[in-house]
Amino acid sequence: MLLKIPDVLTPDELGHVRQVLDTAPWIDGRATAGDLATQAKCNAQLPADGHECRALGDLVLAALARCPAFQSAALPRRILPPLFNRYDTGMAFGLHTDNAIRIVPGSGGTHLRTDVSATLFLSDPNDYDGGELVIEDTYGTHAVKLAAGHLVLYPASSLHRVAPVTRGRRRACVFWAQSLVRDDGERALLYDLDVAIIDLRTRMGDGDGAVQGLVSHYHNLLRRWAEL
Ligand code: NI
């Protein structure tokens, strides 16, 4: 499932993030890519262990915690600390798939399975040309370029690339989550059911028998599929 979630960051948060990124140190993005991805990657990123990256990452995690659409669609069990990257004119990230397993920084070696990938756009789309996140899934190829503060969520198993930036500068935040529900199809079923239940609740009220039955059904499916 590919899901676009608007307004994950408030305008104030976005302004703060951009201000920090303006003066933060940047390093070659190949520092965190896997073997094959290293060959395809040409961008810059904040050092993952720097205080700017940690502080901005915490801000993003707090925004995700208050975002019902993200919680419902990703069903996150654990989220890796977000990374921040920058593509100047001429930079790109060729077609690749993300590493399946990552080590949680500062955890003493705890591993995380990447089920869900996310990109949070930080630049105004009018400020750069190119730079689309191009994602291949079973329904074809999707070129995604969102307003600043908006996020796209997609299965980490997808092949994807960042098209070359041909004008301006594209900045974004990327992160991965291990989901309570490993299978993308099962996660999508739960998300669709949740959306339908929310709609039904507003029209029928929480006391309605059908609403209560579907809420029960949702939790029983989650109970069946969740891995803790
Ligand atoms: Ni990637």
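The values are calculated or read from the model by the stated rules, or taken from the named source; none is laboratory data. Everything numeric in this text was worked out from a predicted model, so none of it was measured. Note that each Cβ is placed from the backbone with ideal geometry, even for glycine, and that neighbours are counted across all protein chains shown. These accessible areas exclude ligands, DNA and RNA; they are computed on the full protein's heavy atoms, side chains included. Shrake-Rupley method; radii C 1.70, N 1.55, O 1.52, S 1.80 Å.
Rounded to the nearest 20 debye, the dipole size of the range 1-105 about its Cα centre is 340 debye, using +1 on the Cβ of Lys and Arg and -1 on the Cβ of Asp and Glu. Other residues within the sphere of radius under 12 Å centred on the Cβ of TRP26, judged by their own Cβ, net out at -1 (K and R +1, D and E -1).
Counting protein heavy atoms only, the range 184-225 has 55 percent of its accessible area on carbon and sulfur, 1.4 angstrom probe. Remark: spin-label model distance LEU2-ARG78 equals 3.0 nm, labels positioned 7 Å along the Cα→Cβ axis.
How much accessible area per residue does the range 184-225 have, counting only protein heavy atoms and a probe of 1.4 Å, in square angstrom? So the range 184-225 comes to 64 Å² accessible per residue, rounded to a whole number. Axis angle, to the nearest 10 degrees, between helix 11-23 and the longest C-alpha principal axis of the chain: 30 degrees.
Of the residues MET1, MET204, ranked by 1.4 Å probe accessible area with the largest first, the sequence reads MET204, MET1. Distance between the modelled labels on ARG224 and HIS51, one decimal in nanometres: 5.1 nm (7 Å Cα→Cβ projection). The relative contact order of the chain, computed from alpha carbon pairs under 8 Å that lie at least 6 residues apart in sequence, is 24 percent. Taking all protein chains together and rolling a 1.4 Å probe, TYR218 ends up with roughly 20 Å² accessible.
A DSSP coil position with no more than 16 other Cβ atoms inside 10 Å describes the following trypsin sites (Lys or Arg not before Pro) in the range 144-216: ARG182. Remark: the ILE101-LEU159 segment gains 19.3 nm on full extension, using 0.36 nm per residue and subtracting the alpha carbon distance. Among the trypsin sites (Lys or Arg not before Pro) in the range 1-83, those placed in a DSSP loop whose Cβ has at most 15 other Cβ atoms within 10 Å are ARG66. What FRET efficiency do you get for ARG203 and ASP12 if R0 is 25 Å and r is their Cβ-Cβ distance, rounded to the nearest 0.05? With R0 = 25 Å, the Cβ-Cβ based efficiency is 0.15. Once the other residues with Cβ under 11 Å from the Cβ of LEU46 are scored (Lys, Arg +1; Asp, Glu -1), what is the net sum? Summing Lys and Arg as +1 and Asp and Glu as -1 gives +1. In terms of its alpha-carbon gyration tensor, the range 3-179 comes out rounded; the largest-to-smallest axis ratio a/c stays below the 1.5 threshold.
Once you place label points 7 Å from the Cα toward the Cβ at ARG167 and GLU136, how far apart are they in nm? Here the answer is 3.0 nm between the modelled labels. In order along the range 51-64, the phi-based Karplus estimate (6.51 cos²θ - 1.76 cosθ + 1.60, θ = phi - 60°) of 3J(HN,Hα) comes to 5, 5, 5, 5, 5, 5, x, 4, 4, 5, 4, 5, 5, 5 Hz; Gly and Pro are listed as x. Positive contributions from Lys and Arg (+1) and negative ones from Asp and Glu (-1), summed over other residues with Cβ under 13 Å from the Cβ of LEU112, come out at +2. The helix-only estimate of mean residue ellipticity at 222 nm for the chain, built from DSSP H runs of length n ≥ 4 each weighted as -39500 (n - 2.57), is -11000 deg cm²/dmol after division by the residue total.
Against the chain, whose longest principal axis comes from its Cα atoms, helix 184-204 is set at around 60 degrees. Amide hydrogen proximity for LEU75: with H placed 1.01 Å from N in the peptide plane, no residue at 5 or more positions away or on another chain lies under 5 Å. Rounded to the nearest 20 debye, the dipole size of the range 48-119 about its Cα centre is 260 debye, using +1 on the Cβ of Lys and Arg and -1 on the Cβ of Asp and Glu.
Apply the a/c threshold of 1.5 to the C-alpha gyration tensor of the range 184-225 and tell me whether it is rounded, prolate or oblate. Oblate. In this structure the range 47-125 gives 42 Å² per residue of accessible area when probed at 1.4 Å with all protein chains present.
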